[in-house]
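What follows is calculated from the coordinates using simple rules that are stated; it is not laboratory data. Here the structure is a predicted model, which means the values were calculated and not measured. FYI the Cβ positions are ideal-geometry reconstructions off the backbone, even for glycines, and counts take in every protein chain you see.
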Amino acid sequence: MKEKLIELLLKYKNAFATDKKPLGAIIGHEVDIILNVEKPYPPLSRRPSYPAGPRAREALEVHIKELMDLGVLRKVGHNEQVEVM
């Protein structure tokens, strides 16, 4: 039984996250995310924004860089149109 499990895990190893690819790589599977764009917006959306403190900003910048390195985020110019899926 253990050998079959190991064989199965190795067969689909690219689907699992690793330290180098923490998001995994499942191909051919889509997830529909439905956003609420109807008014009134959810209460959390109506809160005023506030600047992050220096420690929080540093942590955010590290996380954003990780997501950019993974190809999840990319930098967009101020006049570039981006299709929202």
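Quick look at the values:
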read-out	value
Length released on extending from His63 to Leu9, taking residue separation times 0.36 nm less the Cα-Cα span	16.6 nm
FRET efficiency, 1/(1 + (r/R0)^6) with R0 22 Å, evaluated for Val76 and Ile33 via beta carbons	0.70
